[in-house]
Amino acid sequence: MFTLAMAPARADLVDTVQRIKPSIVAIGTYQRDRSPQFRLMGTGFVVGDGTRIATNSHVVPPTFDAEHFEELIAISFGEGGVQRTHKVTKIGSDPAHDLALLKLPGVTLPALKLDDGMHAREGQPIAFTGFPIIGVLGLNPATHRGIVAAITPIVLPTEHGSQLNPQAIRRIREGAFPVLQLDATAYPGNSGSPVYDQDSGLVLAIANMVFVKGSKESALTQPSGITYAIPAMHLKALLDRTP
């Protein structure tokens with residue numbers, strides 16, 4: 001009886017993952033004369049007209065080694081896991097929400113649909129797909145699932161000013177906004193992964209492994225194992241204002 005009761009939920013997620021994976025890309029840098037030549041920085045996913053890639057701003061290096069021809073690269077995965085390498089460029093960013101947009105040259109990939117408002121609900125089943133542990137387990141998109149545990153401000157008040165770091169102080173000045181707290185474990189490399197509804201595949205948020213923790217967990221001496229995500233409405237706004 002238990003197996004039969006669980007089967008529909010598993011089948012729904014299986015179907016959704018198959019729709020999501022063609023839109024997932026690995027983001028990193030490539031340099032011919034180093035080892036390894038490709039260094040994974042995080043995850044991205046295709047949005048908009050199929051030529052734009054969304055990721056976290058902190059995933060994209062601020063500078064590149066031009067002397068050694070270092071390039072920003074996205075790797076996509078076709079049928080059978082066939083890899084395609086694309087040289088991409090940064091075309092937009094939203095530092096306040098740690099978001100960036102990259103441009104795919106001369107190719108169109110399947111785009112994911114973004115939630116245009118704050119429609120995620122606490123207790124809602126979610127999943128995210130990306131490249132955990134910076135690709136150490138192989139350059140294959142992996143999916144994790146959980147629920148939205150809470151919707152909470154990115155910055156919480158502290159008892160003492162000494163508990164605030166510069167990033168948290170800057171966040172307070174710029175203004176707090178709600179983020180999703182997930183009952184699911186993300187890893188370095190999952191930064192930039194789409195967090196989506198298990199049934200529909202609608203992207204609710206973007207997983208974030210650095211930016212949110214630096215503000216929300218400023219009072220902790222060690223970061224928690226909690227995973228956070230930036231609501232997709234901020235990415236939708238960035239996409240709408242980026243030519």
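Computed quantities for the displayed model
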quantity	calculated
Those aspartates and glutamates that a straight Cα-Cα span of less than 13 Å connects to K90, excepting residues fewer than 8 apart in one chain	E71
Burial ranking of peptide ranges 67-76, 231-240 (average Cβ count within 10 Å, highest at the top)	231-240, 67-76
Highest-first arrangement of 116-122, 37-43, 101-107, where packing means the average Cβ count within 10 Å	37-43, 101-107, 116-122
Modelled FRET efficiency - R0 25 Å, R241 with A66, Cβ distances, 0.05 increments	0.30
Surrounding net charge for P105, when Lys and Arg each add one and Asp and Glu each subtract one, Cβ distance under 15 Å	+3
D65, D49, reordered so the largest accessible area comes first (probe 1.4 Å)	D49, D65
Overall form of region 51-105 per C-alpha gyration tensor (a/c, 1.5; a/b vs b/c)	oblate
Net +/- balance of residues flanking F38 in space, Cβ distance below 15 Å, scoring K and R +1, D and E -1	+1
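The values are calculated or read from the model by the stated rules, or taken from the named source; none is laboratory data. Everything numeric here is computed off the predicted structure, so don't read it as measured data. Every residue, glycine among them, receives a Cβ derived from its backbone with ideal geometry; neighbour counts consider all protein chains shown. Note: accessible area is taken over every heavy atom of the protein model, side chains too, but ligands, DNA and RNA are not part of it. Shrake-Rupley method; radii C 1.70, N 1.55, O 1.52, S 1.80 Å.
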